[in-house]
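**Q** Take this structure first; my questions come after.
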Amino acid sequence: MRIFYDTEFLEDGHTIELISIGMVAEDGREYYAVSRRLTARTWNGWRLRRRIRAHTWLMENVIPSLPRPHGDWRNHMPHDWLFNYLDPAVKKRKRIAADVAAFIQATPDPELWAWYGSYDHVALAQLFGRMIDLPDGVPMWTNDLKQEAARLGDPTLPEQPDGVHNALADARHNMVRAQALGALPRAKADRCVASHCVEGDHIIALD
C-alpha cells in the first residue's frame with residue numbers, strides 16, 4: 001500500500017531541520033505533526049526560530065501554513081510566536097518518530113511516495129537517527145512521483161487548489177497526482193520512457 005507524504009524543513013546545505021510532516025495512506029489514514037523544537041524555550045530553540053525568521057521563503061510560504069490560533073486565543077497568543085505552539089499537532093521529535101513508525105508499520109507492504117522526495121526522505125529518516133537505525137518495516141527509500149511523471153512523459157497534472165506548503169495538504173495532493181498518473185492509458189504509459197513513447201515499431205517524442 002502506498003503512503004504519500006510531504007515534509008517542510010529548514011536546510012542550509014549542511015543540515016535538514018524538520019518543521020512539519022504530513023502522511024496519507026491509501027486506506028484513508030492521515031497523520032500531521034509539527035516539531036516542538038521550534039517552540040523550545042532554550043538557546044537552541046531561540047537560535048532555530050531566529051534562523052527561520054531570517055529565511056524569507058519559509059516565512060512567506062511555510063510558517064503561515066502551520067497551526068493558527070482559533071477563537072479568543074487569536075487575541076491572546078503572544079505576538080512573537082511563529083504559530084500556535086499549543087496546537088495538538090505540535091509534538092516532541094521522539095513522539096513524531098514513534099507516530100511515523102507506527103503509521104508506516106500499520107500499512108501492509110508500505111511504499112513511501114513524495115514529490116521531489118530526496119530531501120523529504122532524509123528528513124523522515126533522520127527522525128530515527130542514522131539510516132541503519134530505521135525501524136523494521138520502514139522503507140529505506142522513497143519513490144519519487146516527479147520521477148514517475150517524467151518516465152510517463154511529464155503529463156499535465158492537477159494543480160493544488162489550496163494549502164500549498166502545508167505538509168498534510170501537500171501529502172493529500174501527492175495522492176491526487178498519483179491517481180492522475182495511474183489514470184493514464186496503460187498501453188501508452190507502460191511504453192513511455194522520459195520524453196519518448198513507442199507506437200507500433202516507431203519511437204516518437206512527446207510534445
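**Q** What strands (runs of 3 or more DSSP E), lying completely within segment 1-60, carry at least 1 residues that are in contact with a Gly (Cβ under 8 Å, 6 or more places away or on another chain)?
**A** Ranges flagged: 2-11, 30-35.
**Q** Mind listing just one residue for me: the one in segment 61-94 that is of a type in the set (Gly, Ala, Ser) and assigned to a loop (DSSP other than H, G, I, E, B) and, of those, surrounded by the fewest Cβ atoms within 10 Å (Cβ to Cβ)?
**A** Selected residue: Gly71.
**Q** Taking segment 108-128, which residues are closer than 17 Å to Ser20 by Cβ, exposed (fewer than 15 other Cβ atoms within 10 Å of the Cβ) and in contact (Cβ under 8 Å) with a residue 60 or more places away in the chain?
**A** Selection gives Tyr119 alone.
**Q** Output the number of residues of segment 156-207 satisfying the condition of being at pLDDT 55 or above and assigned to a strand (DSSP E or B).
**A** Count: 5.
**Q** Pull up segment 129-139, narrow it to residues that are free of Cβ contacts under 8 Å to residues at least 12 places away in the same chain and loosely packed, with under 15 Cβ neighbours inside 10 Å, then point me to the one that is nearest to Leu18 (Cα to Cα).
**A** Residue satisfying both the conditions and the ranking: Gly129.
The values are calculated or read from the model by the stated rules, or taken from the named source; none is laboratory data. A quick note: this is a predicted structure, and the numbers were derived from the prediction, not measured. When we count neighbours, we look across all protein chains shown, and the Cβ atoms used for this are built from the backbone with ideal geometry, even at glycine.
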